[in-house]
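Data block below; observations after.
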Amino acid sequence: LYRNFLVDTLTEIDPERHSRLSVRAAEYFISSDDIELAISLFTLAGKSKEATSLAEKHAREMFELGRINTLSNWAHNLRDSSDEIPDVHLYLATANADIGNLEAAEVGLAQAFSALESVSSNKRRKMLARAETVRGWIAYRKGEYRQVFEAVDRAEQLLPKRGSHLRRATCYRLRALATHASGGDLSLAENYALKSVKLLEKTDEDFTLAN
């Protein structure tokens, strides 16, 4: 409580000094690998550009560690810069879909699509393809299998003809899941699943392959 009192007092008396100290502390915690605290301090200092850049860089890491609350806090605390954090929104949407929180997943996905309007054209197509696979995953979790196939079709149209193994693998995986769940041809579903695994084996995506 006394520490909070001192911080509040410094903020009122000398906000510029408080901001400088917060930035120094944030930089220290980056070097110490405490990214969550660093982002909190950048946000406290009013350094939204630094905070959003760091959040985007580490969004995937937080997702793979299961830090859903961290992603949720970032999305909330950086809401004034929402268009700068499409990765945060996409990973949060995926995480919420994974645990069945589908309403929140759809909100996050909508925020991601909105943010992608500000992304440079060179990067946008791949990120839009990824967003479509997230849309497909949400549709699968809702049991809306036709929408899964439609989302995958859109994703594949956005991908370049070569490369993008991870994203193509995700598309095959979604096709396999939706084909099986909708009572479709099991041999076709198995074929999709095998194609997905073969593509993933060409990448370093151990986390995705295991899931």
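Details
Listed here are the residues, each with its yes/no results for (1) over 18 Å from residue 105 (Cα atoms); (2) crowded, with 19+ Cβ neighbours inside 10 Å; (3) in contact with a Lys or Arg (Cβ under 6 Å, 6 or more places away or on another chain).
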residue: 145; (1), (2), (3): no, yes, no
residue: 169; (1), (2), (3): yes, yes, no
residue: 175; (1), (2), (3): yes, yes, no
residue: 180; (1), (2), (3): yes, no, no
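- Qualifying residue in region 104-124 (condition: farther than 24 Å from residue 51 by Cα, at pLDDT below 95 and open to solvent by 30 Å² or more (accessible area, probe 1.4 Å)): no
- Residue ranges of helices (runs of 4 or more DSSP H) in region 1-48 with at least 1 members at pLDDT below 70 and not aromatic (Phe, Trp, Tyr): 2-13, 15-31
- Candidates in region 74-97 are the residues that are open to solvent by 70 Å² or more (accessible area, probe 1.4 Å) and in contact (Cβ under 8 Å) with a residue 24 or more places away in the chain; of these, the one that is nearest to residue 136 (Cα to Cα) is 84.
The values are calculated or read from the model by the stated rules, or taken from the named source; none is laboratory data. Because the structure is predicted, anything quoted here is derived from the model rather than measured. Note that we place each Cβ from the backbone using ideal geometry, even for glycine, and neighbour counts take in every protein chain shown. Heavy atoms of the whole protein, side chains included, go into the accessibility calculation; ligands, DNA and RNA do not. Shrake-Rupley method; radii C 1.70, N 1.55, O 1.52, S 1.80 Å.
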